[in-house]
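Here's the structure we're looking at; comments come further down.
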Amino acid sequence: MGYKVVVVGATGNVGREMLNILAEREFPIDEIAVLASRRSLGTEVTFGDTTLKTKDLATFDFTGWDISLWAVGSAATKEHAPKAAKAGCVVIDNSSLYRYDPDVPLIVPEVNPEAVHGYSKKNIIANPNCSTAQMVVALKPLHDRARIKRVVVSTYQSVSGAGKDGMDELWDQTKAVYNPTDDKPAKKFTKQIAFNVIPHIDVFMEDGSTKEEWKMVAETKKIVDTSIKVTATCVRVPVFVGHSEAVNIETEDFLDEDEARDILRESPGIMVIDKREDGGYVTPVECVGDFATFISRIRQDSTIDNGLNFWCVSDNLRKGAALNAVQIAELLGRECLKKG
Ligand SMILES: NC(=O)c1ccc[n+]([C@@H]2O[C@H](COP(=O)([O-])OP(=O)(O)OC[C@H]3O[C@@H](n4cnc5c(N)ncnc54)[C@H](OP(=O)(O)O)[C@@H]3O)[C@@H](O)[C@H]2O)c1
């Protein structure tokens, strides 16, 4: 016996990827429903070898469904997810709405799987921000060995992190650069994204940081350890899929770069590609469609006693969203719902 699963936001970047991953990982499904807004009622989406037609989220009845995977943004989640949770259908949400709620577990299965048991307080589990998810997969095993005190991270985030409209804007502006009569002003982003980088993701906070940067701080604390200090600079770059991060950590105990490389090699969800030669590292185009978080450029930070630098790349639509959500569903099934 398998699960009755609902994918909410099935026409979007993350929703489509959730359907691909549910099929690829052969999640035990008895019945599946795909939902989006009324605008796209009847739109066809692919699930394995089958084609499904989307239904309207606003009128869907979640009674009798086991698990729902959400990727529709905070506003639609706020309006509709409580109905699903109340009907007994566990909500696994990709938006930021519930991430900081103390009664909602925020889970990266390689890092804090034990938190899954807290789902029953609200019947909701939150999925972290894409930049946080890939970073904490790498931080956790290093923290277990040497206690991380401080993290300094700069991100290079792809436009797919801003949804399908973000991808369209990069595509259209790139073409327009070669055809200057076809002007494509910035709409989704605050400045031209084609052939440019923008040091601004999400809204500004009072202290001058952005909400995206704040999320990395708050979520790392909730998922890994409240004592870890994080400072982040989040930058949008003209890459379609795949987020990259330059990460610097300071640890309590000394951790040699070779030992760090060995620890990361043995850790779940991580692939180390770290040859000190031309091309001996991973770039975003190579991580697209992969499950792993790739780590390269591991090296000592010689400016402090206990410091390391590394480069971290992952498919933001997968580990940063859809894959992590499906892994949470697998964990929930294995540990709590126990069907399939
Ligand atoms: N992209 C990432 O890397 C990433 C990572 C982590 C988390 N997330 C989060 O995941 C969510 C979705 O992101 P995305 O990149 O997939 O966005 P997207 O490509 O813009 O897709 C949005 C999806 O939400 C649906 N939707 C929007 N408003 C709706 C409403 N009122 N009722 C029903 N459906 C509605 C859309 O349906 P229609 O086609 O009918 O409009 C579409 O299926 C966001 O909360 C985002 O912050 C994204």
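The values are calculated or read from the model by the stated rules, or taken from the named source; none is laboratory data. Computed from a predicted model, the values in this text were never measured in an experiment. All Cβ positions, glycine included, derive from the backbone under ideal geometry; neighbour counts span all protein chains shown. Heavy atoms of the whole protein, side chains included, go into the accessibility calculation; ligands, DNA and RNA do not. Shrake-Rupley method; radii C 1.70, N 1.55, O 1.52, S 1.80 Å.
Here are the numbers:
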| item | result |
| --- | --- |
| Whole-percent carbon and sulfur share, accessible surface of the chain, 1.4 Å | 50 percent |
| Of 221/275; 53/164; 191/215; 122/211, those spanning more than 28 Å from alpha-carbon to alpha-carbon | 221/275 |
| HN-Hα J in Hz across segment 49-65 - Karplus 6.51, -1.76, 1.60, θ = phi - 60°, x for Gly and Pro | 8, 10, 10, 10, 9, 6, 10, 7, 4, 4, 10, 6, 9, 7, 4, x, 8 |
| Straight-distance crosslink candidates among aspartates and glutamates, where the alpha carbon sits under 12 Å from residue 339 and sequence neighbours closer than 8 are dropped | 30, 66, 330 |
| Translational D in µm²/s for segment 21-148 (Stokes-Einstein at 10 °C, 1.306 mPa s, Kirkwood Rh from C-alpha pairs) | 98 µm²/s |
| Separation in nanometres of the label points that stand 7 Å from Cα toward Cβ, at residue 259 and residue 83 | 5.5 nm |
| Estimated inter-spin distance, residue 40 and residue 305, nm [label 7 Å along Cα→Cβ] | 5.4 nm |
| For segment 19-141, with +1 on Lys and Arg beta carbons and -1 on Asp and Glu, the positive-most of 32, 19, 105 along the dipole | 105 |
| Principal axes of segment 232-340: Cα extent on each, largest first, Å | 51, 36, 26 |
| Gain on full stretching of the segment that runs from residue 181 to residue 240 - 0.36 nm per residue minus C-alpha separation | 18.8 nm |
| Accessible area per residue in Å² at 1.4 Å probe, computed on segment 177-256 | 55 Å² |
| Distance between modelled label sites at residue 278 and residue 49, nm, 7 Å Cα→Cβ extension | 4.6 nm |
| Segment 299-340 and segment 46-94: distance between their alpha carbon centers, rounded to Å | 24 Å |
| Segment 126-283: relative contact order as a whole-number percent, Cα under 8 Å and 6+ apart | 36 percent |
| Positive-end residue of 72, 325, 248, charge dipole of the chain with Cβ unit charges | 72 |
| Largest-first ellipsoid semi-axes for segment 203-289, taking √(5λ) over the Cα gyration tensor eigenvalues, angstrom | 26, 21, 12 |
| Protection proxy ranking of 70-80, 8-18 - average other beta-carbon atoms within 10 Å, highest first | 8-18, 70-80 |
| Neighbour net charge for residue 56 - beta-carbon separation under 12 angstrom, K R +1, D E -1 | +3 |
| For segment 160-314, the spread of Cα positions along each principal axis, largest first, Å | 57, 41, 29 |
| Length gained when the stretch residue 101-residue 221 is fully extended (0.36 nm per residue, less Cα-Cα span) | 41.9 nm |
| Directionally averaged projected area (convex hull, Cα atoms, the chain), nm² | 18.4 nm² |
| Computed lengthening from residue 231 to residue 286, 0.36 nm per intervening residue step minus Cα-Cα distance | 17.1 nm |
| Solvent exposure of segment 1-154 as accessible area per residue, Å², 1.4 Å probe | 40 Å² |
| Highest-MSF residue in the chain out of 239, 45, 203 [GNM, Cα springs under 10 Å] | 203 |
| Check: the chain dipole with +1 on Lys, Arg Cβ and -1 on Asp, Glu Cβ, in debye | 1000 debye |
| Förster radius 41 Å - calculated FRET efficiency between residue 30 and residue 165 (Cβ-Cβ, nearest 0.05) | 0.75 |
